[in-house]
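A.B. asks: One structure is given below, represented as structure tokens, and several questions about it will come after.
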Amino acid sequence: MIKKIVAVLLFVSSCSFIYAQTIKTDVLVIGGSPSGEAAAIQSARSKVKTVLVEPHAGPGLPGGMSVIYPNNDLPWGIWGELSERIRKFYKGKPGFDNKEGGPLKFESTVAASSLKQIADTIKGLSTYPNSLFTSIKKDGDRWEVRISQNEKIITIKAHVVVDATERGEVAKKLNAAIDGRPGNISEQSEPSKIYRTSIAALNNTSFIPLRAILLKGADNVLVTEKILPAERDIQLLPLQLELGQGVGATAAYCVFFKTTTKNLKVRVIQGEILDFRGRLIPFADIAQNDADWRAIQQVAATGMLKGSEAGDKNPQLFFRPDSLVSTAEIKPVLTEIYTRAFLWFNREKPAERFTVGNMLSLISDYTLTEPQVLKSNIQKAWKNQYKFKLDFNPGRPITRREFAVLTNKFLNPFARTVDLDGRLIN
């Protein structure tokens, strides 16, 4: 009799082992949306262990044939990788003339498989397809999440959880508020400086501020899909991927620096996004292969050089790198970031158009470099290192490209710490 009881107990124990499993990870992404896929990809690329739980066998994309129109000739980050794979797949196939600068036509199954191929090549990323999220609770310094997969219960313990479900299912379970929303670049006006915290850019004039992906009342839980428009459209795919990339970088930051979403450093996270070719500001005229794209992105993220909108039906943001710099535009941010800049402006009194000579003088004053030595060094590097098109001439107005490159290199305003509202932290 005792032997039978022992046998039954062993059998039950064996079944429990088969149908209940516990795993640990750094980041857990819940939801097979495009932004969820991108978040998992970026998190793993940022060198933290990542698990992706998705309800289907692969990424969830609208079915049938799709065409994406706006700015697909300027792809960035993971969206750039995906669009490139799609173009290669259809190269030479009748009916799919996906040339650079034209509409991107593809079947949803091809896009989904291409995105999955990207994920499959990344170390440190484990995927649990056909799995449903069931519960979440706090367990010490980790979140304990339960999912079901083929009638098997799996418990996943993670430092950071990403809610990439369309309906915000994780947030609902936690009874936590989601109030995130995209911002418009027109908010680059006083007193708002939230644009300085952008972690993803739309292909027109909008951005996603870092604060938008945080879940109120739940540390180390980030949100993707739920902050996007309720009506899903394939035209959102580039934004979904850019948003996911920004969220993935944020999740990895919390793990890498052993901190929480209460202590995020905006510029560090943005730097990681830029390292992986993501965007902060959606300039339509600065291509990914532009040698100065990072300098322009970083200086623009400070608000020192703002873009200008153009277009009626589909307005876009343009940097206009060859246009001239206005002293009135750069003075407020320069004096906000650098204490000595106020004294420099009072002393030098630059004209309406900021000149190359003004730039040299400002750099000399900030870096405490002897003016003639600085002038000689920059003149030598003007064409060879910086690849500027116009000749070196201290007397002429400086272009926005030249100003961005030199400011980024010598003054480095992007290094100044900002809070989640974009305000400078001393």
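The values are calculated or read from the model by the stated rules, or taken from the named source; none is laboratory data. The structure displayed is predicted, hence computed values, not measured ones. Positions of Cβ are backbone-derived with ideal geometry, glycine not excepted, and every protein chain shown enters the neighbour counts.
A.B. asks: I'd like the full set of residues that are of a type in the set (Gly, Ala, Ser), at pLDDT 90 or above and not in a helix (DSSP H, G or I), limited to the stretch 85-131.
C.D. replies: Scanning the stretch 85-131 gives GLY124, SER126, SER131.
A.B. asks: Also, quick follow-up: What helices (runs of 4 or more DSSP H) completely inside the stretch 313-426 contain at least 1 residues that are without any contact (Cβ under 8 Å) to a residue 12 or more places away in the chain?
C.D. replies: Answer list for the stretch 313-426: 327-337, 339-348, 356-367, 371-384.
A.B. asks: Hey, another quick one. Here are some conditions: (1) at pLDDT 95 or above; (2) within 16 Å of the chain's Cα centre (by Cα). LEU324 meets all but one. Which one does it not meet?
C.D. replies: Unmet for LEU324, out of (1) at pLDDT 95 or above; (2) within 16 Å of the chain's Cα centre (by Cα): (2).
A.B. asks: Do you know which residues across the stretch 229-265 are more than 15 Å from the chain's Cα centre (by Cα) and in a loop (DSSP other than H, G, I, E, B)?
C.D. replies: PRO229, ALA230, GLU231, ARG232, ASP233, PHE257, LYS258, THR259, THR260
A.B. asks: Of the residues ILE273, ILE330, ILE337, only one is touching a Lys or Arg at 6+ places or on another chain (Cβ under 9 Å), of a type outside the set (Phe, Trp, Tyr) and buried (at least 22 other Cβ atoms within 10 Å of the Cβ); which?
C.D. replies: Working: ILE330 fails: touching a Lys or Arg at 6+ places or on another chain (Cβ under 9 Å); ILE337 fails: buried (at least 22 other Cβ atoms within 10 Å of the Cβ).
Of the residues listed, the single one that is touching a Lys or Arg at 6+ places or on another chain (Cβ under 9 Å), of a type outside the set (Phe, Trp, Tyr) and buried (at least 22 other Cβ atoms within 10 Å of the Cβ) is ILE273.
A.B. asks: Condition first: under 18 Å from the mean Cα position of the chain (by Cα) and either surrounded by fewer than 20 Cβ atoms within 10 Å (Cβ to Cβ) or within 24 Å of GLU336 (Cα to Cα) (or both). Now tell me which residues in the stretch 294-321 satisfy that.
C.D. replies: ARG294, ALA295, ILE296, GLN297, GLN298, VAL299, ALA300, ALA301, THR302, GLY303
A.B. asks: Still on this model: For the list (1) closer than 22 Å to GLN270 by Cα; (2) touching a Leu at 6+ places or on another chain (Cβ under 9 Å); (3) among the hydrophobic types (A, V, I, L, M, F, W, C), I need the number of the one condition that PHE345 fails.
C.D. replies: Status for PHE345: all satisfied but (1).
A.B. asks: Tally up the residues in the stretch 279-297 that are closer than 17 Å to GLN385 by Cβ, touching a residue at least 12 places away in the same chain (Cβ under 8 Å) and part of a loop (DSSP other than H, G, I, E, B), please.
C.D. replies: Selection size over the stretch 279-297: 2.
Residues are listed down the side, and each one gets a yes or a no for (1) small (Gly, Ala, Ser); (2) closer than 30 Å to ILE273 by Cβ; (3) in contact with an Asp or Glu (Cβ under 9 Å, 6 or more places away or on another chain):
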residue: LEU334; (1), (2), (3): no, yes, no
residue: ILE337; (1), (2), (3): no, yes, no
residue: VAL356; (1), (2), (3): no, no, yes
residue: THR369; (1), (2), (3): no, no, no
residue: ILE378; (1), (2), (3): no, yes, no
residue: LYS389; (1), (2), (3): no, yes, yes
residue: ILE398; (1), (2), (3): no, yes, no
residue: LEU406; (1), (2), (3): no, yes, no
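A.B. asks: Provide a single number: the residues in the stretch 230-280 that are of a type in the set (D, E, K, R), within 22 Å of PRO62 (Cα to Cα) and touching a helix residue (DSSP H, G or I) at 6+ places or on another chain (Cβ under 8 Å). Even if it seems obvious, please write down each step before you answer.
C.D. replies: Step one: filter the stretch 230-280 for residues of a type in the set (D, E, K, R), giving 231-233, 242, 258, 262, 265, 267, 272, 275, 277, 279.
Narrowing the set further to residues that are within 22 Å of PRO62 (Cα to Cα) leaves 231-233, 242.
Subset that is touching a helix residue (DSSP H, G or I) at 6+ places or on another chain (Cβ under 8 Å): 242.
Number satisfying all stated conditions: 1.
A.B. asks: Can you pull out the residues in the stretch 27-46 that are of a type in the set (Val, Ile, Thr) and part of a strand (DSSP E or B)? Let's see the steps before the verdict.
C.D. replies: Looking only at the stretch 27-46, we keep the residues that are of a type in the set (Val, Ile, Thr), and these are 27, 29-30, 41.
If the condition is that a residue be of a type in the set (Val, Ile, Thr) and part of a strand (DSSP E or B), then VAL27, VAL29, ILE30 are the ones that fit.
A.B. asks: Whether any residue in the stretch 118-125 is over 16 Å from PRO34 (Cα atoms), assigned by TED's automatic domain parsing to the domain that holds SER66 and among the polar types (S, T, N, Q) is what I want to check.
C.D. replies: Checked against the condition, which is being over 16 Å from PRO34 (Cα atoms), assigned by TED's automatic domain parsing to the domain that holds SER66 and among the polar types (S, T, N, Q), the stretch 118-125 yields at least one hit.
A.B. asks: Quick one: count up the residues across the stretch 289-321 that are of a type in the set (Lys, Arg) and at positive phi.
C.D. replies: Final tally of qualifying residues: 1.
A.B. asks: Now for a different question. For LYS306, indicate whether it is in the same structural domain as TYR386 (by TED's automatic domain parsing) and farther than 23 Å from LEU390 by Cβ.
C.D. replies: Judged against the criteria, LYS306 is not a match.
A.B. asks: Scan the stretch 202-242 residue by residue and report those that are basic (Lys, Arg) and at pLDDT 90 or above.
C.D. replies: Taking the stretch 202-242 first, the residues basic (Lys, Arg) are 211, 216, 226, 232.
Correct list: ARG211, LYS226.
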